[in-house]
1. Among the residues that make up region 41-64, is at least one of them more than 26 Å from GLY310 (Cα to Cα), modelled with pLDDT of 95 or more and within 16 Å of the ligand (Cβ to nearest atom)?
2. Give the residue that is nearest to MET201 (Cα to Cα), with candidates limited to residues of region 259-285 that are assigned to a helix (DSSP H, G or I), open to solvent by 50 Å² or more (accessible area, probe 1.4 Å) and more than 16 Å from the ligand (Cβ to nearest atom).
3. Quick check on my filter: what residues within region 148-177 are more than 18 Å from ARG247 (Cα to Cα) and under 16 Å from the mean Cα position of the chain (by Cα)?
4. Would region 65-78 turn up any residue that is open to solvent by less than 50 Å² (accessible area, probe 1.4 Å) and on the phi > 0 side of the Ramachandran plot?
5. Condition check: surrounded by fewer than 24 Cβ atoms within 10 Å (Cβ to Cβ) and under 30 Å from PRO329 (Cα atoms). Does GLY100 satisfy that?
6. Within region 74-106, count every residue that is part of a helix (DSSP H, G or I), within 15 Å of the ligand (Cβ to nearest atom) and either in contact with an Asp or Glu (Cβ under 8 Å, 6 or more places away or on another chain) or of a type in the set (A, V, I, L, M, F, W, C) (or both).
7. Taking ASN47 as meeting all but one of (1) touching a residue at least 12 places away in the same chain (Cβ under 8 Å); (2) surrounded by fewer than 21 Cβ atoms within 10 Å (Cβ to Cβ); (3) of a type outside the set (D, E, K, R), write down the number of the exception.
8. Taking the stated definitions as given, is GLU250 away from the ligand (no atom under 16 Å from the Cβ) and at pLDDT below 95?
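The values are calculated or read from the model by the stated rules, or taken from the named source; none is laboratory data. Model, not experiment: these values are computed from the prediction. Heads up, the Cβs are rebuilt from the backbone with ideal geometry, glycines too, and the neighbour counts pull from every protein chain shown. For accessibility, only protein heavy atoms count, side chains too; no ligands or nucleic acids. Shrake-Rupley method; radii C 1.70, N 1.55, O 1.52, S 1.80 Å.
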Amino acid sequence: MKVGILTGGGDCPGLNPAIRGVVYRGLDFGFEFVGIQEGWRGLVQGNYEPLTLDSVEEIIYQGGTILGSSRTNPFKKQEDLDAVLGNIKSAGFDAIVACGGEDTLGVAAKLYSQHGVPTVGVPKTMDNDLNDTDFTFGFDTAAGVGMEALDRLRDTARSHRRVMVLEVMGRHAGWVALYTGLAGGADWITLPEQPLDLEAMAAHLNAIKARGKKYALIVASEGTEVPSESGEKVVDSFGHVQLGERRVGEFLADEIEKRTGWETRSAVVGHVHRGGSPTLFDRVLGMRVGVKAAELVQEKQFGQMAALVGTQVKGVDIVKATATLKVVPPALLDLMRVSFK
Ligand code: F6P
């Protein structure tokens, strides 16, 4: 079989181990691999490179993706969709393995369900917001970067008797903020899953100051709903609101100073989350879902993605998995509240 592999959407550590996993297992089945460059854009433009044992052997510890990535949505323009379908035919692909989050896998789901393209998904996202998989690789590394940043902010916050606000990524789900805040011992966490309660946050900060605490740490998810400055929303090619029009961390720092009189500074992790070598967890998970994706191709289980369910890696329906976002559930929001004392 001739199998094309692509990586789409925001990159994250673990993509290279996943690509390696697909190729390693596929070689057992005698597959020939082609690296489609820069996500779905590579299929629109017919931009490929051969992918061999040599090309993937060394990449286990490397962040990013050797295939490149983009946020191209071929369903936006009919001519792009026609190009993708034509190129799949002319290149002679028997299967496409798409590594991505809800957008990239949403395209794989539609190509399969609406056009019969034999696709298999490999779930990745630092946001951890894909349904029907317990974790996605990229999340552990990215949230670990957040935790380390918070540890560093603790030192400077303590020295200067300040409040430090750390803004983290995560888009419209609060997983990165929650895990960063829990692991780093934050005094307050704001998430998209909960309406922002500035009064409660200020009251809590005043209470911890009154009991003698000399500094405080706040973790703010970039997707926390804050009042918009311009009222305008910019959307990307998948229709998602572009975050960052107003920096949540800066907004919170201003509000905290106004409401408590406590000197406050803010910092943003941003794309630093996404670089660097994948953690042990992300390397092994990447490898496992990659291996499973090759097995799904061999079994012709198209329209499936390789998901972590408990401790097992299984094929799950890609259309169902991409229908809604996986957000932080109420039980974990309760745990978060327990951690504010
Ligand atoms: O989806 C991953 C992610 O890192 C989000 O957490 C973030 O909002 C977004 O990508 C940033 O996208 P870009 O790399 O296009 O700026």
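1. Yes: region 41-64 contains one or more residues that are more than 26 Å from GLY310 (Cα to Cα), modelled with pLDDT of 95 or more and within 16 Å of the ligand (Cβ to nearest atom).
2. ARG259
3. TRP175
4. Yes, region 65-78 contains a residue that is open to solvent by less than 50 Å² (accessible area, probe 1.4 Å) and on the phi > 0 side of the Ramachandran plot.
5. Values: surrounded by fewer than 24 Cβ atoms within 10 Å (Cβ to Cβ): no; under 30 Å from PRO329 (Cα atoms): yes.
Spelling it out, it is not the case that GLY100 is surrounded by fewer than 24 Cβ atoms within 10 Å (Cβ to Cβ) and under 30 Å from PRO329 (Cα atoms).
6. Count: 2.
7. (1)
8. Criteria not met by GLU250.
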